[in-house]
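Shown next, in structure tokens, is the structure this report addresses.
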Amino acid sequence: MTNLRNRGYVLTESSRDVANIIIQQMGGTGRLNAMIGAKNFVFHHDLEGGVSFKFMKSSLKGAPNYIKITLNGKDLYNLEFGYIRGSKYKVVKKIDDVFAEDLRPIFKRQTGLDLHL
């Protein structure tokens, strides 16, 4: 398995593939950028792999502007919603053991932002 470098971490092809699959399950980078202003995509090697990105804040009070999605050992996803302002980061909500088909509905419920028209 070939190793890839990303922000100083060693990623395997499989963890990069997991990150790309997550992005596709959320609608793809183009749709994420167009619909919610997603940017700063980062691949993670936590557990089985994952991805995080920042997005525009909705009008909901206390709504997050950051999400980290990682694959866990149960072949389900762990989600961490947070709020980034400057160099400060605050976790808003953590949700474990999420099925792939529930990623978009949970994202909408937590952020108030829709990923489709």
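Taking the stretch 22-31 on its own, how many of its residues are small (Gly, Ala, Ser) and assigned to a helix (DSSP H, G or I)?
1
Is it true that some residue in the stretch 98-105 is of a type outside the set (Lys, Arg), out of contact with any helix residue (DSSP H, G or I) (no Cβ under 9 Å at 6 or more places or on another chain) and over 19 Å from residue 28 (Cα atoms)? Within the stretch 98-105, not a single residue is of a type outside the set (Lys, Arg), out of contact with any helix residue (DSSP H, G or I) (no Cβ under 9 Å at 6 or more places or on another chain) and over 19 Å from residue 28 (Cα atoms). Selection of the stretch 83-109 for residues being touching a Pro at 6+ places or on another chain (Cβ under 7 Å) and closer than 17 Å to residue 32 by Cα yields an empty set. Would it be correct to say that residue 34 is touching a Lys or Arg at 6+ places or on another chain (Cβ under 9 Å) and either surrounded by 14 or more Cβ atoms within 10 Å (Cβ to Cβ) or assigned to a helix (DSSP H, G or I) (or both)? In short, no. Of all residues in the stretch 46-63, none are assigned to a helix (DSSP H, G or I), small (Gly, Ala, Ser) and more than 14 Å from the chain's Cα centre (by Cα).
Considered as a group, the residues in the stretch 44-72 that are in contact with a Gly (Cβ under 6 Å, 6 or more places away or on another chain) and of a type in the set (Val, Ile, Thr) include one that is surrounded by the fewest Cβ atoms within 10 Å (Cβ to Cβ), and that residue is 70. Applying a threshold of 7 Å to beta carbon distances and a minimum spacing of six or more residues, or different chains, the list of pairs starting in the stretch 90-117 at a residue that is on the phi < 0 side of the Ramachandran plot and ending at one that is loosely packed, with under 12 Cβ neighbours inside 10 Å reads 92/62.
Among what's in the stretch 21-41 and is without any contact (Cβ under 8 Å) to a residue 24 or more places away in the chain and of a type in the set (S, T, N, Q), pick the residue that is nearest to residue 113 (Cα to Cα). The qualifying residue nearest to residue 113 (Cα to Cα) is 33.
Just name the residue that is nearest to residue 31 (Cα to Cα) out of those in the stretch 58-78 that are out of contact with any strand residue (DSSP E or B) (no Cβ under 7 Å at 6 or more places or on another chain) and in contact (Cβ under 8 Å) with a residue 40 or more places away in the chain. Taking the candidates together, the pick is 58.
A short reminder: the numbers here are calculations on the coordinates, not readings from a lab. These numbers were taken from a predicted model, which means no experiment stands behind them. Cβ sites come from the backbone with ideal geometry, for glycine too, and all protein chains shown count toward neighbours.
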